[in-house]
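Structure first, then comments.
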Amino acid sequence: MFMERFSSKSKELWRGMRRSKPLTSSNMDTPLKRCLTVFDLTLLGIGNMAGSGIYVLTGTVIRDKAGPSTFLSYMIAGITAFLNAICYSELASRIPKAGSAYIYTYIASGEFLAFLIGWSVILEYVLSVASVARGWSGILDTMTNGTIKNGTIATFGRFPAHTEFFGEYPDFIGFLVVLFLGVVLSRGPKLSAHLNSAVTMCNLMVIVLTSGTMLSHVTQTGSKFAPASKGGFFPHGFAGMIGGAGTCFYAFIGFDAITISCEEALDPKRSIPIASAVSVGLVMTLFIISSAALVLFVPWWEVDRTAAYTAAFTAKGITWARYVTGIGSVLGLSASLFTSMYAMPRIVYSMAADGLLPSWLGYVMPSTQVR
């Protein structure tokens, strides 16, 4: 008797874990207001990709992996991301629902795997928000010569159990930034899209301006660009360039924010593929030009690992460009932080609508369309 009941319950559990979401017209209906244009979606993807990667990863890849061939690493990573984005776009066109990888897994592989994927995506965005907010306040503190850090420690002291996993002091600036962006998000998707578009456009102008400045002051030409004494064009070998592409791919993570928002797109079957292709293509082009300009501007072995562009302008005595780059870093991190906070509630909403999270987490306010 016990074995029969155990077997029956096991089969029932297995069927539940494999239960998939059917593709029916009723399941494609949405209570959300479709208000996002191709332009909004494109800048949403660009803001998530061009946020921190170009300022954080480029110096490390140049110094430790690819050297002068870093632009090839960005090219390979960009092409790979483009192919991924096209796959996501096709799925989003067929299944225009919020949730991205979660909802695709639910339809294709069942409820249990979808539950795991959904929580993985939520964790990804939670960690992204925490780390980017910390980085945002860190850059602002650097621009103020440590005033924020020193003032906070003098007022509140240090954490008694400081380790590499916890901060040295309470980060009130990061908390306030997250709180402010949360208030903006609570006003609805259209206002959120407008703010993201403005911040991202400013960041793009900073990238174009700094790249143009570096190209107008090129000093590393001919044999100086990749001297044989420093390893030539591939100082760490061809494998180093390929390894650099793997690192550079992290700069393109974020294009899925477009597909997460497809339930609010005006015409998802048209706008999602266009926005995905344009955003990845534009970001790849900017990364290639910017990284190439940097190694033409200063010797690649002198590039700073942590603040590549700021240190390069400082070394050349171009002070105004140093501060512009700092502003660009803040803008880029702001866009990355904002888009992560924008995407995460849509995953939660999608899971709650499917019954995998409490239903109240999927409630949508009629006035602001905030969930």
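Only the coordinates and a few stated rules stand behind these numbers; no lab work does. Since we're looking at a predicted model, the values are computed, not measured. Every residue, glycine as well, gets a Cβ built from its backbone with ideal geometry; the counts of neighbours run over all protein chains shown.
Tabulated data for the structure shown
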| quantity | calculated |
| --- | --- |
| Helix 147-156 vs. the chain, principal-axis angle (Cα, 0 to 90°, nearest 10) | 60 degrees |
| Anisotropy class of segment 218-371 from Cα gyration tensor, a/c 1.5 cut | prolate |
| Residue-averaged 222 nm ellipticity for the chain, from DSSP H runs of 4+ at -39500 (n - 2.57), nearest 500 | -22500 deg cm²/dmol |
| Burial order of peptide ranges 315-321, 88-94 (average beta-carbon count within 10 Å, highest first) | 88-94, 315-321 |
| Among [x] 27, 51, 20, 2, 0; [y] 22, 59, 19, 0; [z] 27, 54, 17, 1, the entry derived from the coordinates for P(r) over Cα pairs in 20 Å bins from 0, in percent | [x] |
| Burial ranking of peptide ranges 125-134, 36-45 (average Cβ count within 10 Å, highest at the top) | 36-45, 125-134 |
| Spin-label model distance (nm) - residue 316 vs residue 266, 7 Å beyond Cα toward Cβ | 4.1 nm |
| Rounded to whole Hz, the Karplus (6.51, -1.76, 1.60) HN-Hα couplings of segment 289-299, x for glycine and proline | 5, 5, 5, 5, 4, 5, 6, 7, 7, 9, x |
| Segment 137-199, relative contact order [Cα under 8 Å, separation at least 6], % | 22 percent |
| Rh (Kirkwood; distinct C-alpha pairs) - segment 151-291, Å | 19.9 Å |
| Mean-position separation - Cα centroids, segment 337-362 and segment 262-332, in angstrom | 30 Å |
| Separation of the residue 285 and residue 116 label points, Cα + 7 Å toward Cβ, nm | 4.1 nm |
| Under 11 Å, Cβ to Cβ, from residue 125 - net charge with Lys/Arg +1 and Asp/Glu -1 | -1 |
| Mean shadow area of segment 274-325 over all directions, Cα convex hull, nm² | 4.2 nm² |
| Given charges at beta-carbon only (K, R positive; D, E negative), |dipole| of the chain in Debye | 320 debye |
| Sorted peptide list for 57-65, 112-120, criterion being average Cβ within 10 angstrom, highest first | 57-65, 112-120 |
| FRET efficiency, 1/(1 + (r/R0)^6) with R0 41 Å, evaluated for residue 145 and residue 301 via beta carbons | 0.90 |
| Two-site FRET efficiency, residue 202 against residue 155, from Cβ-Cβ distance with R₀ of 35 Å, rounded to 0.05 | 0.60 |
